[in-house]
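Worksheet: the structure to be examined is printed underneath.
The values are calculated or read from the model by the stated rules, or taken from the named source; none is laboratory data. Predicted, not measured: the structure shown is a model, and the values here were computed from it. Positions of Cβ are generated from backbone atoms using ideal geometry, with glycine treated the same way; all protein chains shown enter the neighbour counts.
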Ligand code: SAM
């Protein structure tokens with residue numbers, strides 16, 4: 001059972017009163033019964049084990065029988081700046097990187113991207129990606145959902161990335177691998193990782209990334225699909241940071 005995210009204002013002393021989407025999902029999709037245990041995490045990174053007490057009304061009530069604080073953040077956080085990919089490839093990157101514990105995902109508008117979000121559909125697209133990220137974080141029992149950030153043009157990101165250190169995954173690059181680069185160690189640090197689109201990075205983007213202080217890194221001589229490169233690189237970084245294992 002996933003650890004569902006709730007708001008702390010849904011907690012009333014020793015019970016939780018859920019309404020809206022989560023209540024409907026628990027009752028209609030998961031068909032939880034009175035007496036069943038559910039796992040809930042609030043925005044203060046506090047997790048509750050609660051027993052379903054009432055499903056009869058419009059919402060759902062559960063009685064808390066155990067709670068715990070989330071672990072203190074010991075590692076830097078990861079920001080994945082992923083060039084927008086076609087169709088469900090982007091959904092897949094968002095889902096897998098959320099399971100792997102990235103803190104935020106910034107959709108990049110890259111010169112050689114096959115698709116770019118249409119302004120009139122952007123709000124819906126971001127809300128959909130946020131749902132995918134939140135569901136993946138719940139399923140993997142993360143302590144908070146990743147944030148889907150407002151999209152940026154790739155070169156704008158390269159010159160204004162809000163990170164302690166940022167890397168650009170560069171295909172056809174014979175340089176340093178992700179295993180060998182120095183990483184910041186402070187828990188409050190943020191590591192950025194930029195991954196290109198199906199068509200790869202344009203020369204202007206590579207130059208802008210280098211001027212913007214991003215370190216070029218390689219995943220070896222093979223040319224990976226963007227989604228494979230993104231998930232491989234996030235896995236390597238999370239492993240090195242001690243989050244995986
Ligand atoms: N169309 C490009 C080409 O054939 O050269 C390939 C682009 S690749 C499908 C998409 C993105 O994945 C790249 O821009 C890069 O960010 C990343 N990538 C793929 N293979 C990589 C590798 N071996 N090392 C570093 N990054 C890689």
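Pull out all pairs, ordered by first then second residue, where Cβ-Cβ is under 6 Å, the residues are six or more apart or on different chains, the first lies in the stretch 157-174 and is more than 16 Å from residue 203 (Cα to Cα), and the second is in a loop (DSSP other than H, G, I, E, B) and more than 16 Å from the ligand (Cβ to nearest atom).
164/184; 164/189; 165/184
Being within 12 Å of the ligand (Cβ to nearest atom), outside any helix (DSSP H, G or I), surrounded by 22 or more Cβ atoms within 10 Å (Cβ to Cβ) and touching a residue at least 60 places away in the same chain (Cβ under 8 Å) is the filter here, so list the residues in the stretch 185-220 that pass it.
193, 194, 195, 196, 197, 201
Taking residue 151 and the conditions (1) away from the ligand (no atom under 16 Å from the Cβ); (2) within 30 Å of residue 42 (Cβ to Cβ); (3) touching a helix residue (DSSP H, G or I) at 6+ places or on another chain (Cβ under 7 Å), which numbered condition does it fall short on, given that it satisfies the others?
It fails just one condition, (3).
Having 1 or more residues that are within 24 Å of residue 199 (Cα to Cα), modelled with pLDDT of 95 or more and under 15 Å from the mean Cα position of the chain (by Cα) is the bar; report the helices (runs of 4 or more DSSP H) wholly within the stretch 77-177 that clear it.
Numbers: elements: 88-99, 122-139, 154-160.
Result: 88-99, 122-139.
Would you say residue 179 is farther than 20 Å from residue 158 by Cα, more than 7 Å from the ligand (Cβ to nearest atom) and in contact with a helix residue (DSSP H, G or I) (Cβ under 7 Å, 6 or more places away or on another chain)? Please lay out each step first, then the result.
Details: farther than 20 Å from residue 158 by Cα: yes; more than 7 Å from the ligand (Cβ to nearest atom): yes; in contact with a helix residue (DSSP H, G or I) (Cβ under 7 Å, 6 or more places away or on another chain): yes.
Criteria met by residue 179.
What about residue 179, is it over 17 Å from residue 98 (Cα atoms) and surrounded by fewer than 18 Cβ atoms within 10 Å (Cβ to Cβ)? Steps first, answer last, please.
Details: over 17 Å from residue 98 (Cα atoms): yes; surrounded by fewer than 18 Cβ atoms within 10 Å (Cβ to Cβ): yes.
When the stated conditions are applied, residue 179 passes them.
State which residue is nearest to the ligand (Cβ to nearest atom) when the search covers only the stretch 221-245 and only residues that are within 22 Å of residue 162 (Cα to Cα) and in a loop (DSSP other than H, G, I, E, B).
Looking at the filtered set, the residue picked out is 241.
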